[in-house]
Amino acid sequence: MSYSLQVAGRSRVVVGRAVEELPRLLPQGRVIVLTDRNVARCRPELFEDCDPICMEPGEEYKTLQTVEAVCRELIRRGADRTTFLLGVGGGIVTDVTGFVASVYMRGVPFGFVSTTLLGCVDASVGGKNGVNLDGYKNMAGVFAQPQFVVCDTSLFATLPLREIRAGLAEAVKAGIIGDEPLFGLIERAGLDGLCADPETMDKVVVHSVRLKAAVVSRDEREHGERRKLNLGHTFGHAVEKCSREMIHGEAVAVGMAIAARLAVKLGLLAPAACDRIVRLLAALGFATEPPVPAERLLAAVTKDKKSEGDTIRLVLPTAVGACEVRTMTFDELSRLVRSV
């Protein structure tokens, strides 16, 4: 299966096989590849005839220190403004690649091969590239569109089941935001069915990318509608900040469950729809309750990027396939969370 679309009129997303697609997508001239040591070890066929820059794997390395180290290596290799930077890996690699490409010599062209489900359905698509600072997610970042993103689901074969499940959280998010058929597809297939059927997994990626591409194309720099893509992330990032028990997708799943319950409390979401959301998350193997007390989560939420003064924008589902962004004070949010 091969599927292609445009994001914001400048970035091409291709769902297909990387080895087949890259020769058609890469520009003439010098290409330098950035990956992590796990991808380089597990997928050597992607790095034939090249000497990749390898960063350490893990969220703790998505930092300004890693950006600095990569920039120094680019200088050592004599990279100039015509050099093309190709990030091959999951969301951490593509975030660092996009950030580096945006600041090195004030900007060099770049593209991605996304090797994880989380990267394909969310992290590598849309032109947001960020790194963490003092434990706060993506606190330093840029808006910059890659020339292309290749989403290759055949590369998922070497992923741990936990990583595939974590990626599904972002696909569920896309379904809740604006694609009820995608939500239903995941309900019917389940985790085992998706892992066993590459064609269905391709459909999940295509649906998710199509939804995100449409939203980003209408609001590239997150002034309005794009904020909906943060569903589950306000509390999800707080969970990641407060606890090392959960990886990103797992934390987002908890955040979506919290958002659904808050939406019911506010009269925005029918209890049956909330039950459907929480039931699917649980069926996929996610915890739906935070691993830390509400007080700690609320303290972390005050440092969220979406906060402005004493208010914060919270994305809340209004149905499976619809959501809205609501601004509330931290006092209002605190009272609401404690009442759920």
**Report entry** trypsin sites (Lys or Arg not before Pro) within the stretch 43-100, DSSP loop, no more than 10 other Cβ atoms inside 10 Å
**Finding:** 81
**Report entry** Net dipole in debye of the chain [+1 Lys, Arg Cβ; -1 Asp, Glu Cβ; about Cα centre; nearest 20]
**Finding:** 660
Query - Rounded to the nearest 20 debye, dipole of the stretch 8-56 from Cβ charges on Lys, Arg, Asp, Glu - result: 260
**Report entry** Sites matching trypsin sites (Lys or Arg not before Pro) across the stretch 188-241 that sit in DSSP coil, with at most 12 neighbouring C-beta atoms within 10 Å
**Finding:** 221
Query - Backbone HN-Hα couplings from phi across the stretch 149-162 [Karplus 6.51/-1.76/1.60, Hz, Gly and Pro as x] - result: 10, 9, 9, 10, 6, 5, 6, 6, 4, 8, 7, x, 4, 4
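Which entries of 203/241; 62/128; 203/265; 137/265 have Cα-Cα distances beyond 23 Å here? Display every interim value, and only then the final one.
Details: 203/241 32 Å; 62/128 14 Å; 203/265 34 Å; 137/265 28 Å.
The pairs that break the limit, which is 23 Å between Cα atoms, are 203/241; 203/265; 137/265.
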**Report entry** With DNA, RNA and ligands ignored, accessible area of residue 51 (1.4 Å probe; Å², nearest 10)
**Finding:** 110
Query raised in the report: What are the ³J(HN,Hα) values, in whole Hz, obtained from phi via the Karplus relation 6.51 cos²θ - 1.76 cosθ + 1.60 with θ = phi - 60°, for each residue of the stretch 208-223 in sequence order, with x given for Gly and Pro?
Result: 5, 5, 4, 5, 5, 4, 5, 5, 5, 5, 8, 8, 5, 9, 6, 9
Requested in this report: Identify unpaired cysteines across the chain, taking unpaired to mean no other cysteine Cβ lies under 4.7 Å from the residue's Cβ.
Outcome: 42, 50, 54, 71, 195, 242, 274, 323
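Rounded if a/c is under 1.5, else prolate if a/b beats b/c, else oblate: with a ≥ b ≥ c from the C-alpha gyration tensor eigenvalues square-rooted, which is the stretch 100-187? Numbers along the way, then the final one.
On the way: a/c = 1.85, a/b = 1.68, b/c = 1.10.
Cα axes put the stretch 100-187 in the prolate bin.
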Query raised in the report: What does the helix-only formula give at 222 nm for the chain: each DSSP H stretch with n ≥ 4 adding -39500 (n - 2.57), the total divided by the residues, and the result rounded to the nearest 500 deg cm²/dmol?
Result: -14500 deg cm²/dmol
Query raised in the report: What does the accessible area per residue of the chain come to in Å², with a 1.4 Å probe and no ligands, DNA or RNA counted?
Result: 42
Query raised in the report: Once the Cα atoms of the chain are picked out, what are the Rg and Dmax in Å?
Result: 19.3, 59
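Report the antiparallel proportion of the DSSP beta bridges in the stretch 66-201 as a percent, rounded to a multiple of 5. Don't skip to the answer; put the middle values down first.
Numbers: 5 of 13 bridges.
Among the beta bridges of the stretch 66-201, antiparallel pairing accounts for roughly 40 percent.
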Query - Low-density loop positions, GluC sites (Glu not before Pro), the stretch 1-102 - DSSP coil, at most 12 other Cβ in 10 Å - result: 48
Query raised in the report: Considering amide H positions built from the backbone, and no H for Pro or chain starts, which residues 5 or more places from residue 140, or on another chain, come under 5 Å of its amide H?
Result: 131, 133
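What is the percent carbon and sulfur in the accessible area of the stretch 105-159, measuring with a 1.4 Å probe over the protein chains and ignoring ligands? All intermediate terms of the calculation are to be shown ahead of the outcome.
Numbers: 920 of 1720 Å².
Of the solvent-accessible surface of the stretch 105-159, carbon and sulfur hold 54 percent.
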Query - For residue 319, residues with placed amide H under 5 Å, excluding near neighbours - result: none
Report task. Take each of the peptides 129-139, 279-289, 108-118, average the number of other beta-carbon atoms within 10 Å over its residues, and list them starting from the highest. Result -> 108-118, 129-139, 279-289
Query raised in the report: How much of the accessible area of the stretch 189-236, in percent, comes from carbon and sulfur atoms when a 1.4 Å probe is used?
Result: 47
Report task. With a/c under 1.5 counting as rounded, go ahead and sort the stretch 256-298 into rounded, prolate or oblate using the C-alpha gyration tensor (a ≥ b ≥ c being the square roots of the eigenvalues; past the cut-off, prolate if a/b is larger than b/c, else oblate). Result -> oblate
Query - Within the stretch 199-255: Cβ-based charge dipole about Cα centre, in debye rounded to nearest 20 (Lys, Arg +1; Asp, Glu -1) - result: 200
Query raised in the report: Rounded, prolate or oblate: which fits the stretch 277-340, taking a ≥ b ≥ c as square roots of the Cα gyration tensor eigenvalues, rounded meaning a/c under 1.5, else prolate when a/b beats b/c?
Result: oblate
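How much of the DSSP bridge set in the chain is antiparallel, in percent, rounded to the nearest 5? If you can, show how the numbers build up before the last one.
Numbers: 20 of 40 bridges.
Of the beta bridges lying entirely in the chain, close to 50 percent run antiparallel.
The values are calculated or read from the model by the stated rules, or taken from the named source; none is laboratory data. Given the structure is predicted, the values throughout are model-derived calculations rather than measurements. FYI the Cβ positions are ideal-geometry reconstructions off the backbone, even for glycines, and counts take in every protein chain you see. The area values use the complete protein model at the heavy-atom level, side chains included, leaving out ligands, DNA and RNA. Shrake-Rupley method; radii C 1.70, N 1.55, O 1.52, S 1.80 Å.
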